[in-house]
1. Take residue 30 and tell me if it is out of contact with any strand residue (DSSP E or B) (no Cβ under 9 Å at 6 or more places or on another chain) and part of a helix (DSSP H, G or I).
2. Looking at 58, 67, 76, which one is at pLDDT 85 or above, outside any helix (DSSP H, G or I), under 18 Å from residue 22 (Cβ atoms) and out of contact with any strand residue (DSSP E or B) (no Cβ under 6 Å at 6 or more places or on another chain)?
3. State the number of residues belonging to segment 96-120 that are farther than 22 Å from residue 20 by Cα, in a loop (DSSP other than H, G, I, E, B) and either in contact with a strand residue (DSSP E or B) (Cβ under 9 Å, 6 or more places away or on another chain) or modelled with pLDDT of 85 or more (or both).
4. How many residues does segment 107-127 hold that are surrounded by 13 or more Cβ atoms within 10 Å (Cβ to Cβ) and over 20 Å from residue 13 (Cα atoms)?
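The values are calculated or read from the model by the stated rules, or taken from the named source; none is laboratory data. Note that the structure is a prediction, hence the values are computed from the model and not measured. Neighbour counts run over all protein chains shown; Cβ positions are idealised from the backbone, glycine included.
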């Protein structure tokens, strides 16, 4: 993950989206300290709470709001934390995003990656225009 992608300096989203982003990221940071099965169970529960998918532009703003909130955290707030935070923030707003774990390819680097995705759509807030290809290993 590039530093531009990890730490957004632009404050985006409406006030409710920014509040949900803060709570979602805080909850994600706690859940990622637990065994992974508990994290998966919590995400599945959160997806049931969010029944309606987000509009694509609102989903992008929410992911950017979570990235911006991650700047305040003194520890690691990279792709795993921000994508999980976005999924949980969407659930707090009564909306739904998928949490995807997999790999991101662009010759020559190949890296493990996590991202938020619209149900039935593509990655949200990711640089897919530059030739990056996302291959999903697990969708929750």
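1. Values: out of contact with any strand residue (DSSP E or B) (no Cβ under 9 Å at 6 or more places or on another chain): yes; part of a helix (DSSP H, G or I): yes.
The answer is yes for residue 30.
2. Values: 58 fails: outside any helix (DSSP H, G or I); 67 fails: outside any helix (DSSP H, G or I).
Result of the check over 58, 67, 76: 76.
3. Selection size over segment 96-120: 2.
4. Looking only at that region, the number is 4.
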